[in-house]
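Reviewing the structure listed below.
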Amino acid sequence: QRTGDDSVRVGITDYAQAALGDVVFVQLPDVGTDLTSGESFGEVESTKSVSDLYAPVTAKVIAVNGDLESNPQLVNS
């Protein structure tokens, strides 16, 4: 989701959330990490599977949802 002229918010779709089931772990990149479109930058682990997260654009990470580290189930809300 574009959030400004040169920034985007990256997340997973409602469909992916439903397919994953209950999320138990989320690995996100550090702020400042350079991402390349199409490359894996983290993962989501659920009670059903482990899935890689892929960058939709080439960009630099300027913020992450730090709450997901201690509360990965927030992905399902």
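The values are calculated or read from the model by the stated rules, or taken from the named source; none is laboratory data. As the structure is a computational prediction, the values presented were derived from the model and not from experiment. Virtual Cβ from ideal backbone geometry, glycine too; neighbours counted across all protein chains shown.
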Exercise. Applying the selection to the range 32-77, what residues are over 12 Å from Leu20 (Cβ atoms) and among the hydroxyl-bearing types (Ser, Thr, Tyr)?
Worked result: Thr33, Thr36, Ser37, Ser40, Tyr54, Thr58, Ser70, Ser77
For this session: Filter the range 1-56 down to residues that are among the β-branched types (Val, Ile, Thr) and either at pLDDT below 90 or in contact with a Cys (Cβ under 8 Å, 6 or more places away or on another chain) (or both) and give me whichever is nearest to Val75 (Cα to Cα).
Result: Ile12
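Of everything in the range 39-77, what is surrounded by 15 or more Cβ atoms within 10 Å (Cβ to Cβ), in a strand (DSSP E or B) and over 10 Å from the mean Cα position of the chain (by Cα)? Give them in sequence order.
Of the range 39-77, the ones surrounded by 15 or more Cβ atoms within 10 Å (Cβ to Cβ) are 41-42, 44-46, 51, 53, 55, 59, 61, 64, 68, 72, 75.
If we keep only those that are in a strand (DSSP E or B) too, we end up with 41-42, 44-46, 51, 53, 59.
Correct list: Glu45, Ser46, Ser51, Ala59.
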